[in-house]
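Let me begin by presenting the structure, written as structure tokens, before commenting on it.
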Amino acid sequence: MQLKHVSFLTRDADALRRFYAALGATVLKDQTRSEEALRRLVLEVGGGRLQFFQDLSGALQPRAAQGWMEHIALEVSGLDAVISRLLEAGGALLRREPSPSGRDMAFVRDPDGRQLELLERSPS
């Protein structure tokens, strides 16, 4: 079994495209379905896929992530540099602390308020 993607609603697909590009994400699809009034943005991030739908009619509104339980977790190399790029791309640093395993960890909000857990990759 393999996870295909994780999907979310967004208010601003362009802002998310810039934000996740700061993590090295590549755009796999960016298409608008005018008959459904939906824009679909699919990004490849670290071997996985994030899919975002922007409701162009404004009827569906994403819910800002609350608390730490709803988040996207990524292992990264060079946590300080990654945080800097994400802040420049519209993110907000929520907290930075050691993980339960002792690795460097930070939580950053994306432009929709969704939390990213960034965990420093263990040396191989």
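A few comments on the model shown:
- The requirement of being among the basic types (K, R), closer than 30 Å to P123 by Cα and free of Cβ contacts under 8 Å to residues at least 40 places away in the same chain is fulfilled somewhere in region 76-95, by at least one residue.
- When region 1-39 is filtered for residues that are under 18 Å from V108 (Cβ atoms), in contact with a strand residue (DSSP E or B) (Cβ under 9 Å, 6 or more places away or on another chain) and aliphatic (A, V, I, L, M), the ones remaining, listed by number, are V6, L16, A21, L23, A25.
- Residue in region 49-68 that is farther than 21 Å from L3 by Cα, aliphatic (A, V, I, L, M) and in contact (Cβ under 8 Å) with a residue 60 or more places away in the chain present: no
- Considering residues of region 1-45 that are among the small types (G, A, S) and in contact with a Leu (Cβ under 6 Å, 6 or more places away or on another chain) only, the residue surrounded by the most Cβ atoms within 10 Å (Cβ to Cβ): A25
- Residue count for region 68-111, restricted to those that are among the small types (G, A, S), assigned to a strand (DSSP E or B) and buried (at least 16 other Cβ atoms within 10 Å of the Cβ): 1
- Any hit, region 112-124, residues being outside any helix (DSSP H, G or I), surrounded by 18 or more Cβ atoms within 10 Å (Cβ to Cβ) and among the acidic types (D, E): yes
- Qualifying residue in region 65-76 (condition: more than 15 Å from Q115 (Cβ to Cβ) and in the same structural domain as R114 (by TED's automatic domain parsing)): yes
The values are calculated or read from the model by the stated rules, or taken from the named source; none is laboratory data. Since the structure is predicted, the reported quantities are computational estimates derived from the model, not experimental observations. Note that we place each Cβ from the backbone using ideal geometry, even for glycine, and neighbour counts take in every protein chain shown.
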